[in-house]
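Below: the structure, in structure tokens.
The values are calculated or read from the model by the stated rules, or taken from the named source; none is laboratory data. This structure is a prediction, so every number in the text was calculated from the model and none was measured. Cβ placement follows ideal geometry from the backbone for every residue including glycine, while neighbour counts extend to all protein chains displayed. Heavy atoms of the whole protein, side chains included, go into the accessibility calculation; ligands, DNA and RNA do not. Shrake-Rupley method; radii C 1.70, N 1.55, O 1.52, S 1.80 Å.
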Amino acid sequence: MSSASQRIPVTLLSGDGIGPEIIAATRRVIDALDAPFEWDEQPAGLGALESHGDLLPSCTLDSIRRNGLALKGPLTTPVGSGFRSINVRMREEFQLYANLRPARTIIDGGRYEDIDLVLVRENLEGFYVGYEHYIPVGGDPKAVAESAGINTREGCRRIAEWTFDYAVRHGRRKVTIVHKANILKLLTGLFLETAREVGERYKDQLIIEDRIVDNCAMQLVLNPWQFDVLLTTNLFGDILSDQIAGLIGGLGMAPGGNIGKDAAIFEAVHGSAPDIAGKGIANPSALLLAAAMMLEHVDRHDSAERLRIALRATLVEDGVRTGDLGGSATTEQFADALIQRL
Ligand code: NAI
């Protein structure tokens, strides 16, 4: 099958801050890889607010709905101005219930070597449903803050099934269900109970165990190699995925995918890095790794592997690195070196 005959439309969101710089570099690399993607550029973020009066205009939502696939740069959510996080809006709009965050060592010689972990975070429920309010007492309007966490059996079931299927398809050996069912007995107890029930169907193919989140956090520092795939709730997944990014050299190397039944959006885990925006020095590696995940998502495993091998060669053998990794290459120079390697 020739790559040219099977073009796959992808919504491309440049995003804010360093977004346009790392998206441009990633696009050049992906095009040099002769990947099957056809880019459908759409507005989102602060630029879209100016041009369309909305951080997430309807043309962008329509494009993602049509294509079912998007690659996005980081988006800045204005603080304290009544805007809901664009990322949360997109996850809800397209029911992207699985947040896939792999952490694999590329540059050896760090504090940990040979890390190969996959974290799956439930992306729509738990404490991120945003049901919060203050209760006034006496003259204090904010005397008490109350927040509700919501987990549904159906939500727990679909993320558990997705994770076990993913683990089997990718030849993983073990899934650890991470929870806090000793304290949040109902909220995360339901998650644990449902995931264990679903796991019964997979126990011939996978080792399935569980861990309390605090113990898991400590074990990840002491001996991360004992874990393989981690399955957890929204808040715990948010925290633990940054922790596992720390095991492989930080946010500059951490990609993520938000995946649902009808759409998938791939991105770097990091934000828009306003402190270095416009300087041309951002590290595009995390977004490139997200693009590799997108290639795998459309079953282009060969291209994904080529990209990862070239990225490793550029970083390790050629020693071409951006400032965050101790090098002096600009974003463009890094992309040029990577394209040479392809
Ligand atoms: P951040 O991840 O943007 O930056 C944290 C630190 O890491 C900064 O010093 C930054 O320069 C550095 N950094 C991040 N990515 C880098 C890269 N590719 N190359 C080199 N250095 C890099 O986190 P921060 O500052 O908390 O958030 C900034 C904005 O990003 C906020 O508006 C936040 O809402 C947004 N954000 C968006 C996300 C998304 O769209 N998925 C995720 C996280 C934050």
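What to note about this one:
- Qualifying positions in region 243-256 - in contact with a Leu (Cβ under 6 Å, 6 or more places away or on another chain), within 12 Å of the ligand (Cβ to nearest atom) and not in a strand (DSSP E or B): Ala245
- Test: residue in region 87-94 that is at pLDDT 90 or above, open to solvent by 30 Å² or more (accessible area, probe 1.4 Å) and in a strand (DSSP E or B): no
- Region 313-341: number of residues that are hydrophobic (A, V, I, L, M, F, W, C), touching a residue at least 40 places away in the same chain (Cβ under 8 Å) and open to solvent by 30 Å² or more (accessible area, probe 1.4 Å): 3
- The residue that is nearest to the ligand (Cβ to nearest atom), counting only those in region 53-78 that are hydrophobic (A, V, I, L, M, F, W, C), outside any helix (DSSP H, G or I) and closer than 20 Å to Thr26 by Cα, is Leu75.
- Residue within region 23-46 that is more than 24 Å from Gly252 (Cβ to Cβ) and aliphatic (A, V, I, L, M) present: no
- Residue tally, condition within 16 Å of the ligand (Cβ to nearest atom), open to solvent by 50 Å² or more (accessible area, probe 1.4 Å) and over 18 Å from Ala282 (Cβ atoms), over region 21-49: 1
- If the condition is being over 28 Å from Asn283 (Cβ atoms), at pLDDT 90 or above and open to solvent by 20 Å² or more (accessible area, probe 1.4 Å), then region 55-86 contributes Ser58, Cys59, Leu61, Asp62, Arg65, Arg66.
- Here Ala103 passes the criteria (1) crowded, with 19+ Cβ neighbours inside 10 Å; (2) within 30 Å of Arg321 (Cα to Cα); (3) modelled with pLDDT under 95 except the one numbered (3).
- Asp165 meets the conditions (1) in contact (Cβ under 8 Å) with a residue 60 or more places away in the chain; (2) part of a helix (DSSP H, G or I); (3) loosely packed, with under 14 Cβ neighbours inside 10 Å in every case but one. The failed one is (1).
- Residues of region 292-342 classified as among the hydrophobic types (A, V, I, L, M, F, W, C) and within 20 Å of the chain's Cα centre (by Cα), total: 8
- Candidate set from region 257-309 (those that are more than 7 Å from the ligand (Cβ to nearest atom) and on the phi > 0 side of the Ramachandran plot); member that is surrounded by the most Cβ atoms within 10 Å (Cβ to Cβ): Gly280
- Residue check, Glu146 away from the ligand (no atom under 16 Å from the Cβ), assigned to a strand (DSSP E or B), at pLDDT 95 or above and over 30 Å from Arg321 (Cα atoms): yes
- Glu132 passes every criterion in (1) closer than 24 Å to Leu96 by Cβ; (2) open to solvent by 40 Å² or more (accessible area, probe 1.4 Å); (3) under 23 Å from the mean Cα position of the chain (by Cα) apart from (3).
- Residues that are at pLDDT below 95 and either assigned by TED's automatic domain parsing to the domain that holds Ile244 or not in a loop (DSSP other than H, G, I, E, B) (or both), drawn from region 324-340: Asp324, Leu325
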